[in-house]
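The values are calculated or read from the model by the stated rules, or taken from the named source; none is laboratory data. Keep in mind it's a predicted model, so treat the numbers as computed, not measured. All Cβ positions, glycine included, derive from the backbone under ideal geometry; neighbour counts span all protein chains shown. Please note that ligands, DNA and RNA were not included when accessible areas were found on the heavy atoms of the full protein model with its side chains. Shrake-Rupley method; radii C 1.70, N 1.55, O 1.52, S 1.80 Å.
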Amino acid sequence: MTTAPVQTFPPLELETRSHVETACAAFHLMRKPQTMRAYACLGGPILPTRINGRLAWAVADIKRLLAGGA
């Protein structure tokens, strides 16, 4: 039986990108990637931008949400 590789993400304070992929956003917000996708479709505390058809989550929005902002 094989196991899936574990993804690791840099701490948000060291993140140099303006937007991150769904898996990274979910990791930092302690949610499942599918929850983030539901936020994109149904609305949530933050909304993504679509870049070439993929969801991109603003690092500034993630930091704001973690700081207690709505």
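Numbers below:
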read-out: Share of carbon and sulfur in the accessible heavy-atom surface of the chain [1.4 Å probe, %]; value: 58
read-out: Rounded to 10°, Cα long-axis angle of helix 33-42 versus longest principal axis of the chain; value: 30
read-out: Extension reserve of the T8-K63 stretch, reckoned as 0.36 nm per residue once the Cα distance is removed; value: 18.0 nm
read-out: Accessible area per residue, Å², the chain with all protein chains present, probe 1.4 Å; value: 72
read-out: Extended-chain gain in nm, criterion 0.36 nm per residue less alpha-carbon gap, I51 and M30; value: 5.3 nm
read-out: Prolate/oblate/rounded call for region 5-70, Cα gyration tensor, a/c under 1.5 rounded; value: rounded
read-out: Relative contact order (%) - criterion: Cα under 8 Å, at least six apart; region: the chain; value: 32
read-out: Dipole of the chain [Lys/Arg +1, Asp/Glu -1 at C-beta], most positive-end residue of A56, F9, L66; value: A56
